[in-house]
1. If neighbour count is taken as other Cβ atoms inside 10 Å, put 31, 87, 76 in order from fewest to most.
2. Note down the nm distance, to one decimal, between modelled labels 7 Å out along Cα→Cβ at residue 22 and at residue 62.
3. So if each residue of separation counts as 0.36 nm, and I subtract the Cα-Cα distance between residue 10 and residue 105, what length gain in nm does that give?
4. Arrange the following residues from fewest to most other Cβ atoms within 10 Å of their Cβ: 66, 91.
5. With a Förster radius of 22 Å, plug the Cβ-Cβ distance of residue 133 and residue 90 into 1/(1 + (r/R0)^6) and report the FRET value to the nearest 0.05.
């Protein structure tokens, strides 16, 4: 597979709603993917008229699941031996980096879709994760 064909495939994925494309030709395989805002975890909280104190109680708090948008190697820190981006119980802000997923030598930052407290955090670090795997929950 030549470089011009790979560039054409990348442009195709960029122009469309395709989130992942796998192409094999002879002994070469190419996997192209894109993450979108749609792939991030989102939550709509309806106005129920319930007092705000209800949402501060951990037993009734709503959580947002953060799932892996792509298959790859999950890194909980920016480099080996460095402190992890977050730990269970940490307070995070919207947009704060939580993980890095390495896929095809590309490092994809996974950011918090909303602010809150880390209620659950996967213990995988440096291992492979599947698309859709639960990485964390923010309460």
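Please treat every number below as a calculation from the coordinates, not as lab data. Every value quoted in this text rests on a predicted model; they were computed, and no experiment measured them. Using ideal geometry, Cβ is built from the backbone for each residue, glycine included, and neighbour counts are taken over all protein chains shown.
1. Values: 31 13, 87 10, 76 21.
Final ranking by Cβ density, sparse to dense: 87, 31, 76.
2. Computed distance between label sites residue 22 and residue 62 equals 3.6 nm.
3. Values: separation 95, 0.36 × 95 = 34.20 nm, distance 1.54 nm.
This chain segment gains 32.7 nm when fully extended.
4. Numbers: 66 24, 91 11.
Fewest-to-most ranking of 66, 91: 91, 66.
5. Working: r = 20 Å, r/R0 = 0.92.
That gives a FRET efficiency of 0.60.
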